[in-house]
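Okay, structure first, notes after.
A short reminder: the numbers here are calculations on the coordinates, not readings from a lab. Remember, it's a predicted structure, so these values are computed and weren't measured experimentally. Positions of Cβ are backbone-derived with ideal geometry, glycine not excepted, and every protein chain shown enters the neighbour counts.
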Amino acid sequence: MIDEEKVFKDPVHGYIYVNDPLIWDLINTREVQRLRRIRQLGTSYLTYPGGEHSRFSHSLGVYEVIRQIVQAFSRNSYEWPDEYNQLVMAAGLLHDVGHAPFSHTLEKVIGLRHEVWTERLILDPSTEIHQVLKHISPNLPYDVAAVINKTHPQQLVVSLVSGQLDADRLDYLMRDSVSTGVDYGKFDLARIIRVMRPWDGRIVVKRSGLHTVEAYLLARYFMYWQVYFHPVSRSAEVILKAILRRVKDLVEKGQSPEMPHPALTGLFLETLNLERYVALDDTVLFNAFNVWQNSADPILKDLCNRFLDRHLFTYVEYPEYDPDLYDKIAAQLKHQGYDPAYYLAIDETGTVYYDYYLGAEDGKDKDSALFLWDDSSKRLIEMSRLSKPVNAIARERQVIRRIYFPREIQWNT
Ligand code: NI
């Protein structure tokens, strides 16, 4: 125990409580503190001015949700292995520690994988995280990494960090909703925690909690449409990708723009070692865009101006029945003197809001469906069998395809 309980004031949970010295020490490592300088929602702040919260606040939030869940399990004497409390709280706090700034965009263009970096930051003996974990027990870094990458033998512990109803989703949906002001992304978190039960290696929900979980799944559905797939945020991502591609292409041609930070040199010119990766945050990228606003390369200069001043691209839907649309817009772009390699993009996005086989690509959690425990019949019932609205959004993948290009292009659909 810490001498005095530590608290953080938080817009989602009210207070976040830290009693365990391990959690406190982990919060104070430089790798976790770095998350204060990375926005959780990437480019969404350009659509929702409030969407500025950091990955640090989300990571604390996931820890807090797990703390509340394991406390509720112990209070009610459910069959929950108490000896895993510290492990699962640490895994919740660290689950996103390897994210880069604008992670998903950067990952696609540069080929980084945040999961790989999360594991390295936990397992590499040089990191402060590793040293803090190892101080408790030599195996702890490996156990924490195993919970996060879903290879830990205790499936129940894994499912609190990643599953259909995990602490990660519970926190980010609420937090993104509170910050952006998209109110229908909210749901009754306290009651979800109350109706959760550990059951035979998985988390299930008491049948009377059906509507509470329905509200959570519908909140997820709304948040995807209103926030994560928002066409304006996607437009900013398209420009961000074009900037990164332009820099890569210039580097390949031997015309590298100025690299105002060694982390960028690592990213584009040499290798990205651990030291440089930890230095890579939003400030490094924004500073680079500022510098490149005055680049000698007209394309890089223009793209950086567009991103920083929010002169984003416009878009049209790209329906299956009109495959020629892309070529038509490309021809018009060229005609007006723009290079389609940087000024034209197809953006395809989509998700499954509730899927039986979520994660089936890696074959690890095929049975991650949501189950309700029916006390009268003493059996589990899969969620979409009981709920018409959930059945309506389950399994099917909804895909959105749009073509983005500069507003100045004269194009009428
Ligand atoms: Ni997360």
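Amide H contacts for Thr314 (H built 1.01 Å from N in the peptide plane; partners 5 or more residues away or on another chain; cut-off under 5 Å): Phe405, Arg407.
Relative to one another, the C-alpha centroids of the range 369-413 and the range 232-286 are positioned 34 Å apart. Karplus-derived 3J(HN,Hα) values for the range 179-188, using 6.51 cos²θ - 1.76 cosθ + 1.60 with θ = phi - 60°, are 6, 7, x, 7, 5, 6, x, 8, 7, 8 Hz; glycine and proline are entered as x. The trypsin sites (Lys or Arg not before Pro) of the range 95-138 that meet both conditions, a loop assignment by DSSP and at most 14 other Cβ atoms within 10 Å of the site Cβ, are Arg113.
Sequentially through the range 336-353, phi angles give Karplus couplings (6.51, -1.76, 1.60; θ = phi - 60°) of 8, x, 9, 8, x, 4, 10, 10, 9, 8, 8, 10, 10, 9, x, 7, 10, 6 Hz, Gly and Pro residues having no value and appearing as x. What separates the Cα centres of the range 123-172 and the range 22-82 is a distance of 13 Å. Remark: Glu382, Glu119 ranked as Glu382, Glu119, counting other beta-carbon atoms within 10 Å and listing the fewest first.
Restricting the calculation to Cα atoms, the range 6-181 shows an Rg/Rh of 0.95 when the hydrodynamic-style radius is the Kirkwood one.
Short version: what are the Cα gyration tensor semi-axes of the chain, square root of 5 times each eigenvalue, largest first, in whole Å?
They are 39, 28, 17 Å, listed largest first.
Of the chymotrypsin sites (Phe, Trp or Tyr not before Pro) found in the range 1-80, those that fall in a DSSP loop while having at most 16 other beta-carbon atoms within 10 Å are Tyr78. What is the list of residues in the range 377-397 whose amide nitrogen lies under 19 Å from a point 7 angstrom out from the Cα of His211, following Cα to Cβ? Those under the cut-off are 383-392.
About the centre of its Cα atoms, the range 231-348 shows a dipole size close to 340 debye [charges on the beta carbon of Lys, Arg (+1) and Asp, Glu (-1) only; nearest 20 debye]. Structural size metrics of the range 46-124, computed from C-alpha coordinates, are Rg and Dmax of 16.0, 48 Å. 3J(HN,Hα) along the range 129-135, derived from phi through the Karplus expression 6.51 cos²θ - 1.76 cosθ + 1.60 where θ = phi - 60°, amounts to 4, 4, 5, 5, 5, 5, 4 Hz, with x in place of Gly and Pro. Once backbone amide H atoms are built at 1.01 Å from N, Ala345 has Tyr404 as its partners under 5 Å, excluding neighbours fewer than 5 places away on the same chain. The relative contact order of the range 1-131, computed from alpha carbon pairs under 8 Å that lie at least 6 residues apart in sequence, is 22 percent. Suppose we look only past 26 Å in the calculated P(r) of the range 231-348. What percent of the Cα-Cα pairs does that tail hold? In whole percent, the share of Cα-Cα pairs in the range 231-348 beyond 26 Å is 26.
Rank-order 330-338, 232-240 by packing density, defined as the average count of other C-beta atoms within 10 Å over each peptide's residues, highest first.
Working: 330-338: 13.9, 232-240: 22.8.
Top of the packing list down: 232-240, 330-338.
Peptide packing for 64-71, 99-106, 122-129 was compared via the average number of neighbouring C-beta atoms within 10 Å per residue; ordered from the highest value, the list is 64-71, 99-106, 122-129. With the alpha-carbon atoms of the range 116-166 aligned to their principal axes, the span from lowest to highest coordinate is 34, 21, 14 Å, starting with the largest.
A compact globular protein would have a Cα radius of gyration near 2.2 N^0.38 Å; the ratio found for the range 107-229 is 1.26. In deg cm²/dmol, rounded to 500, what helix-only [θ] at 222 nm does the chain give when every DSSP H run of at least 4 residues adds -39500 (n - 2.57) and the total is split over its residues? Value at 222 nm, helices only: -14500 deg cm²/dmol.
For the pair His335 and Tyr184, a Förster radius of 41 Å applied to the C-beta separation gives a FRET efficiency near 0.40, rounded to the nearest 0.05.
Do any of Lys253/Lys301; Lys108/Lys301; Lys186/Lys206; Lys186/Lys378 go past 28 Å between their Cα atoms, and which?
Lys186/Lys378
Between Arg36 and Glu275, full extension at 0.36 nm per residue minus the direct alpha carbon distance yields a gain of 84.3 nm.
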